[in-house]
Each structure stands twice: as structure tokens, then as C-alpha cells.
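So the structure is just underneath, and the comments pick up after that.
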Amino acid sequence: MRLGLASCVVLASALLMACEPPAPATLEFVDQSPLQPKLGEITTVRFRAVDSRGIPQAGTTVIFRLQSEVPGVLLNPKEAITNVGDGVASTQITATGRVASVVVVATAGDKVALSPAVSFAGAAANAEQFTFQCGKFSGEGSGGLHAIGAYDETRYLIAGVKASCIAHVADRNGDGIAGAQVSFITEAGTIGPSASSVTNVIGNAEILYKTSYPLPEETQPGTFSWTTNNDATHTGEYLAPLWMQPFFWTENPIRDYGIPINPQENRPEPRRVDPLRPNRVNNPRDNLVAMIAVTTGEEGYDDNNNNGQYDPGEPFIDLTEPFVDNNDNGTWDVNERFVDTNGNTRWDGKNGVFDSSTLIWVQERLLWTGWPHPTDRTESPINPTPVVRQLDPVPGALVTILHFQAAGSTFLLADPWYNRIAQNEGGDGCSGGAIGPVVVENLPKGVAFTYPAFNVERYLFRDTHDPQGDQPKFVPMIPFEVNASCLYTASQEGGHQVLVSAPTIKGQVE
């Protein structure tokens, strides 16, 4: 007799029920891999069935689901059979778009197990999240170092002055990316031990920069403007970084000190004839060194619909091919180094389309400074623009300090290129050097975080009489002379220290 279809179905069901083992005694979470999945990656989550004897149970059906449905997160398969030997059943999760966190629920019979929260973050490196700065003044990778002492008073290079610089690589959600390969190129000096580095677990890639040949490219004095060129071949960078305070520039900033300046207007770059080197005109950007960091990633964009991916029509930041902008004009020029992203043997500007995978890059600029030669300090036929100016007391004035009182000195000081001298230690400042019954006191200083065309230096000198004692006035008054020295530290990384003489102050003490 032939079996009918209904009989076959019943028989098959009976056979399956006979083969299915009983419900496990326990169902447990095993692991997930990888532990820190990125968006777009497949993550495997495993569970184990164990029988009443404590032995892994094979052949058990495990059903999977998400504890809460999350848009953009896919779970597959939703059912699996535990393996022979280890009793493990697994499923996989993929998250696309935005950062997500999910919990996988596994069920076998009446037993239920939960995975820990599986968090997806970390997409491709994003250009808007890519930073590159030198210094560690506020901790690892904090930046803040803008100048190092690289020249002596004769303009001769002091090689080996060091700076720690860190590039931070992160995805569009701000999560640091570990293991990213970052390459570095510099206009002047060297980067060691190599020109590339790999990011650590928080996305930082550190290099050690040193002063050496080649020297920075000397530039023609320019004009700072808040309006920049951001067309297909220009980056839109300012002529000089804002920490140089170019919005207060004048051609002769030492002479023009105290004259009201409108920082919103175009400002001419400072310039001076070099009194030591013939036919040379110095300006602040002569020693402004450009460096770039380069890695693979996506261009920055505005995710207007919050779906975690670029959609046509959303604003994005179009990048040129990476280049080292020696002359600070915001575009590539012949003899400037560049990275040939598309391999066509020439530099290319912006391509007008969003690139989800390209070479992204960011620029850092570091100032090399020196200190003035005696010839730079005073006005003369060969030095019409001195870089030192005594403000208070006025030059030649005889200062009288009354009993138990003090007076102050204020003067302007710049290096030979109209830059503030590198100041990288909290103790840098002016002190000492008194002849007579006065003592020189350094006013509170600190690390310099901005580098305008000069620095305003101040210190106090006071009567040495003890105000708590019963000491009479000097009759007649006793003359004094102050020859203070100002200390400057070349670098945060064990830099040399320089003493620069302040203008001499003379007077008498009551």
C-alpha cells in the first residue's frame, strides 16, 4: 500500500521529533568577535547549550533575535543548530550607518541567554576629524606648541631642537581609529625616526620633529585677509595661522605699537631690512614651517538625514591632493612636495565629487625663531627698524624709587624676523642684573600660546629696604642700575635656554 502525502508529513515530523534532543539544562553566552566592531563589519556572537551532565549538547535548535530592534542593524541567521563537540551555535550582526548598540537574545526550549551589549562604532577615518598639532602642554596630543628656537643671533641654524607632534585619526563619529597608517611630510627640518607612524589604541600617531637642513623657504611679505580663496585649486587656508595674530600686523610693528588697529581690515605683513645679511628683507613667515599628515579615509560631509552615510546633495569638504605649502598661498606651486593620489604624475586640485576612500590630509605650521643680534637692537643707518624698544621708563630717563616703593620696566622685543621669541617653559621671563640697592622681580609669565610680531616684556625693580624693619631713607639718594636678562626656552622637549639682555635702566633710590 502506498503512503499518502499526509502520512509522509506525519512520519517526517515524528522522525524529527525523535532526533531533536531535549531542551538543554543551560544556555550560555560564549563570546563575540571582534570585540570592538566597526560600522560595516560582521560581528559573530556565539552561545553554548549544555545538558544536565554539564556536557556541551549538540543538535539543539537556538533561535536568535535582537532585544530591541535598531535601524540599520541586521541579524543573520535567526536560527542555528549547536555543533557536535562544543555545543556552540552562532549568529552574525552587521551595523551600517550610525553608531549602534544591541543585545542578542538566544532561546533554546525554555532557556534564554543574553549577550553583553554589542556596540558598533568606528567607520573610516574622516577628514573633519583628522587633527595634527605639536606639543603636550595639556597632556598627550593636546598641542599648543607653536614655536621653537632654531637660530642663534647670527641667523645660524641650531640643529636638533625637538618637538613632539601628534596626528589624531578618528571616524565621523569622533571615535579614534587604532592601527591607521599616517605619513608625514615637512617643508624644513626632519621627522624621525621615519616619515610614517601607526596610530595607537586612541587613534594618536606621534612623531619627533627636529630642526635641521633644509631651512624653511623664504617668502615675500604678503597681506593677511579674512577672505580666503577656496576654489578648485586652493585650500582656503589663511596666509598665516591665527596664533601669529596677523590681524594686528603692520609693516613696522615695533614703531607702530600703541596705534589703534582695526583687526577686520586687510593687514600688511611686517618686514625689515636685515642689518647683517645684505639684500635680505625679513618677514615673520620666512621661518613658518609647513608640515602635513596624510592617511586613508573619507572626505568630511554633513550627514543631514542622520543615516550615517553620504547621500548625493549633502554638503562635503572637497580636498585637493596633499601638498606642502611652503609659501603659504593655499595652493600647490612648482617645487613644492605633494602626494600623487591618483598616480597621474601631476598635482591635482579638488575633483568636485565626494570621495569615500581617498588620501585625506591636514596641515600643521611651526615657527622657527631666533634672538636679536646687538646690531638688530638699536637704530642705525644699516638698521632703520630695530626690534627692541623701551617704553617705560622712556629711554634716558632717570628713575627715582621712593622709600619702600617699586617701579616697573616695559619694553618690546622681537626676533630678527618680527616674531616673538620661542617661550616654552613656565619660568621664562626677565629677572636679575641689579647694581645698587634694588632687586629685580619677574612678573608672572608662562608658556606662550600665541606668537605675534613682538612680545611686551615687563618686570619690577624695588627698594631693598625691608618694609617691616626700621630702616631710614638714603640721604643722599643712592644710584642704581638695572641690566635685567630675559630667559627663553627653545622647546618643550629639553630645549636650550637663551638669555636676552633687557634695555638698561638707571636711577636712584631714596
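Below are the figures for this structure:
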{"read-out": "Global form of the range 5-120, assessed from the alpha-carbon gyration tensor, a/c cut-off 1.5", "value": "prolate"}
{"read-out": "Cα gyration tensor shape for the range 374-509, rounded if a/c is under 1.5, else prolate or oblate", "value": "oblate"}
{"read-out": "Within-10-Å neighbourhood charge of GLY370 [Cβ basis; K, R +1; D, E -1]", "value": "-3"}
{"read-out": "222 nm mean residue ellipticity, helices alone, for the chain (DSSP H n ≥ 4; -39,500 (n - 2.57); rounded to 500)", "value": "-1000 deg cm²/dmol"}
{"read-out": "For TYR209, TYR156, order by how many other beta-carbon atoms lie within 10 Å, fewest first", "value": "TYR156, TYR209"}
{"read-out": "Farthest positive-ward along the range 5-120 dipole, Cα basis, beta-carbon charges - from VAL30, ILE42, ILE81", "value": "ILE42"}
{"read-out": "Rounded to 10°, Cα long-axis angle of helix 5-19 versus longest principal axis of the chain", "value": "60 degrees"}
{"read-out": "Other-chain or far-sequence residues with amide H under 5 Å of LEU367's (modelled H)", "value": "ALA147, ILE148, VAL289"}
{"read-out": "Added length on full extension, which subtracts the Cα-Cα distance from 0.36 nm per residue, GLN181 to THR154", "value": "5.7 nm"}
{"read-out": "Net length gained if the chain between VAL394 and GLU79 were fully extended (0.36 nm per residue, minus Cα distance)", "value": "104.5 nm"}
{"read-out": "Estimated distance in nm for a label pair at LEU35 and VAL198, the labels positioned 7 Å out from Cα along Cα-to-Cβ", "value": "1.8 nm"}
{"read-out": "Reported label for calculated Cα Rg over 2.2 N^0.38 Å given (i) 1.13; (ii) 0.96; (iii) 1.46", "value": "(iii)"}
{"read-out": "Calculated diffusion of the range 55-140, Stokes-Einstein form, Kirkwood radius summed over Cα pairs, 25 °C and 0.890 mPa s, µm²/s", "value": "155 µm²/s"}
{"read-out": "ILE42 versus ASN252: modelled label distance in nm, points set 7 Å from Cα along the beta carbon direction", "value": "7.4 nm"}
{"read-out": "Residues ILE185, ILE81, ILE259 arranged by fewest to most Cβ contacts within 10 Å", "value": "ILE259, ILE81, ILE185"}
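Coordinate-derived values only; no laboratory data. Bear in mind the structure is a predicted one, so any value in this text is a computation, not a measurement. Methodologically, a virtual Cβ is constructed for each residue, glycine included, from the backbone with ideal geometry; neighbour enumeration extends over all protein chains shown.
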